[in-house]
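Shown next, in structure tokens, is the structure this report addresses.
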Amino acid sequence: MRAIVLMVAALSATASAQFWREAETKALAEPFKGITADGSLVPGLFAVQSTGVSTAPVKAAAEVWLAALSPEQRKSASFAMNDDEWRKWMNINGYVRQGVSFRDMDDRQRTLAFTLMRAGLSAKGFKLSRDIMHLNARLGDLALRPEEYGDDLYWLTVMGTPSLTEPWGWQLDGHHLIVNYVVIGDQVVMTPTFVGSEPIRATAGPYAGTEILQSEQDKGLALIKALDDSQRAKAIFRTAKDKNDNQTEAFKDNAVVPQLGLNAMAMTPEQRTQFMDLIAAFVGIGNDGHAAVKMREVMAHLDKTTFAWA
């Protein structure tokens, strides 16, 4: 029976890989535009500008990690800044990924890879990332497929040459954990970022007690409860969430996502404070300095920002 199950799993993985190869080819044939609310770009929405927050630590960490790789690994992990690798990420398994995986690194290389993540992320963001990786290993235990789900099946790549002046960046790609980290001088753009897990908590095994996104969930629930009836009627766009209708995910670079929900300016000051705290819970995945910069950008566009609930 186990042999039959393993054979079926192998066939399923092959079909999945073929499906995502075709999806990738189709998506990359479209010129990159970006996510919009109605198909039209908003010119000048965000500016390329100095932030005053140094990117020297993440530059140094990337250089040290690259130097620790073998020539073959370095070739696998290195891409041009304008390479389509930026668009080749996948939030589920069954996808052929680029770069060097933690599974294929030695202990020193792995430590330096984590140092790169720590340099780019906040303490909270790094812990969340590691917890997602650990829960992926737990999924491998539950599914009896450790070769397919593991805490080391995450790949790192570097685009461009780490620099304090020229654009470059790094990408972490794996099941339920995606970080695209673009550096332009002392400015950081950390998108798309995808965080999640299934299961969301481990109740047994070596990572028992690990759970993710509970604070974020609680903050969202607290905000919807804080609204009055008329506000809630605007915020709730669907009363049941009974299917996987992801608005954005892998290969949806140009998704059109209509803006729904309650405008921040229609909230009371107390509700708006809760809303900002909810946004900060996700923005805070990035390191503290650049997260503060991003929150100032959020504040600058608060009159066009909405809270929606399904």
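The values are calculated or read from the model by the stated rules, or taken from the named source; none is laboratory data. What you see is a predicted model, and the numbers here were worked out from it, not measured in a lab. For neighbour counting, all protein chains shown are included, and Cβ atoms are generated from backbone atoms with ideal geometry for every residue, glycine included. Quick note on the areas: whole protein, heavy atoms, side chains included, nothing else; ligands and nucleic acids left out. Shrake-Rupley method; radii C 1.70, N 1.55, O 1.52, S 1.80 Å.
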Restricting the range 225-256 to residues that are at pLDDT 95 or above and among the β-branched types (Val, Ile, Thr), the one farthest from the chain's Cα centre (by Cα) turns out to be Ile236
Selection status of Arg130, under 14 Å from the mean Cα position of the chain (by Cα) and either at pLDDT below 95 or open to solvent by 10 Å² or more (accessible area, probe 1.4 Å) (or both) | yes
Please find, within the range 195-205, the residue that is nearest to Gln171 (Cα to Cα) out of those that are at pLDDT 95 or above and open to solvent by 50 Å² or more (accessible area, probe 1.4 Å).
-> Ile200
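Here is a yes/no grid of residues against (1) outside any strand (DSSP E or B); (2) closer than 21 Å to Phe126 by Cβ; (3) within 16 Å of the chain's Cα centre (by Cα):
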| site | (1), (2), (3) |
| --- | --- |
| Leu156 | no, yes, yes |
| Ser163 | yes, no, no |
| Glu166 | yes, no, no |
| Trp170 | no, yes, yes |
| Ile178 | no, yes, yes |
| Val188 | no, yes, yes |
| Thr191 | yes, yes, yes |
| Phe194 | no, yes, yes |
| Ser197 | yes, yes, yes |
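Listed here are the residues, each with its yes/no results for (1) in a helix (DSSP H, G or I); (2) loosely packed, with under 15 Cβ neighbours inside 10 Å; (3) touching a Gly at 6+ places or on another chain (Cβ under 9 Å); (4) modelled with pLDDT of 95 or more.
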{"site": "Ala61", "(1), (2), (3), (4)": "yes, no, yes, yes"}
{"site": "Trp65", "(1), (2), (3), (4)": "yes, no, no, yes"}
{"site": "Glu72", "(1), (2), (3), (4)": "yes, yes, no, yes"}
{"site": "Lys75", "(1), (2), (3), (4)": "yes, yes, no, yes"}
{"site": "Asn91", "(1), (2), (3), (4)": "no, no, yes, no"}
{"site": "Tyr95", "(1), (2), (3), (4)": "no, no, no, no"}
What helices (runs of 4 or more DSSP H) completely inside the range 218-310 contain at least 1 residues that are surrounded by 12 or more Cβ atoms within 10 Å (Cβ to Cβ) and of a type in the set (Asp, Glu)?
-> 269-283, 288-300
Within the range 133-161, the residues that are in contact with a strand residue (DSSP E or B) (Cβ under 8 Å, 6 or more places away or on another chain), farther than 17 Å from Ile178 by Cα and open to solvent by 40 Å² or more (accessible area, probe 1.4 Å) are Thr161
